[in-house]
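This report concerns only the one structure given below.
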Amino acid sequence: MERKQLSPLEVFFVKAGVVTAAIVIVLYFSVDFLEGFVERKADQLNAFKGGPDFWAQMEQKLYALADQPDVPPERKKKIVDALRRLSLKYKPYVDALNGNEEPATLRKDR
């Protein structure tokens, strides 16, 4: 039994079909992967949604934070000291935002 030789036009269509099928398959899986990625990221951004989703997520985070072990006392002291320094550093700006005409650190009467 002899095999019939494909004409150059038939070879072209076979190659074009294989390349087209490969492109379609790659695009299908790429779009599927991208769609899953976007859905996962959107689920992570529930904090930006309003209403019940927001409050449910905040409640879960509050419970998780409350159940965590306490930090060591020396670390607490460092954190509190850093907060005090930041408070003193930015107090004039906060005073200005609160409507005080001149920041508390620049007043001469104190």
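The values are calculated or read from the model by the stated rules, or taken from the named source; none is laboratory data. On a predicted model such as this, the values are computed, not experimentally measured, just so you know. Side chains are part of the model used for accessible areas, which takes the heavy atoms of the whole protein and leaves out ligands, DNA and RNA. Shrake-Rupley method; radii C 1.70, N 1.55, O 1.52, S 1.80 Å.
A few comments on the model shown:
- Alpha carbon convex hull of the chain, volume per residue in cubic angstrom: 361
- In degrees, nearest ten, helix 8-44 long axis to first principal axis of the chain (Cα): 20
- When the P(r) of the stretch 29-85 is calculated, the portion above 13 Å amounts to 74% of the C-alpha pairs.
- Helix 52-67 vs. the chain, principal-axis angle (Cα, 0 to 90°, nearest 10): 60
- With all protein chains in place and ligands, DNA and RNA left out, the 1.4 Å accessible area ranks 77, 4 as 4, 77, largest first.
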